[in-house]
Amino acid sequence: MKSEIQILARTIYGEARGEYKKVSGGIGALIAIANVVINRAQQKTWFGQTVAEVCLKRWQFSCWNANDPNFYEISKDIIADPIFNICLTVADKVLKREWPDLTKGGDHYYSTILKKPPYWAQGKTPKCQIGQHLFFDLRKDA
């Protein structure tokens, strides 16, 4: 099994690597995905007790769904993309709490590319937008 840093980096890569080169996203978009994972892990709820459990929780991060095109990319033994190396650094720094929570406590997000918000976001107010992702703290907006 891969380490927590590897699993978190692969989750970041699968969920937001396309945001890295965009002006509106950049490294903040990568950090924000890691923030959501950490925030969920700290809740110690059905999301999971550890970072790895949270990342791999069924149907929570689409990049880990076997039918998602990103699953092939993040499942490779070696990911030879320089952006993945940045994701490894982000994972390490966020796990060590060396970088801030850009999501303001966010525990959910979705991409604005979607034509319709997911059911859980309807009527909820996002905490912030980073790149093409809207971030929510559903504990505070319940």
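Only the coordinates and a few stated rules stand behind these numbers; no lab work does. Given the structure is predicted, the values throughout are model-derived calculations rather than measurements. Reconstructed Cβ throughout: ideal geometry from the backbone, glycine too, with neighbour counts over all protein chains shown.
Below is a table of values for the structure above.
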{"read-out": "Residues being touching an Asp or Glu at 6+ places or on another chain (Cβ under 9 Å) and of a type in the set (Val, Ile, Thr) - total across the range 46-71", "value": "2"}
{"read-out": "Per-region count, the range 3-22, residues out of contact with any Leu (no Cβ under 9 Å at 6 or more places or on another chain) and either exposed (fewer than 14 other Cβ atoms within 10 Å of the Cβ) or polar (S, T, N, Q) (or both)", "value": "3"}
{"read-out": "Out of Ala41, Ala66, sole residue that is free of Cβ contacts under 8 Å to residues at least 40 places away in the same chain and over 23 Å from Lys104 (Cα atoms)", "value": "Ala66"}
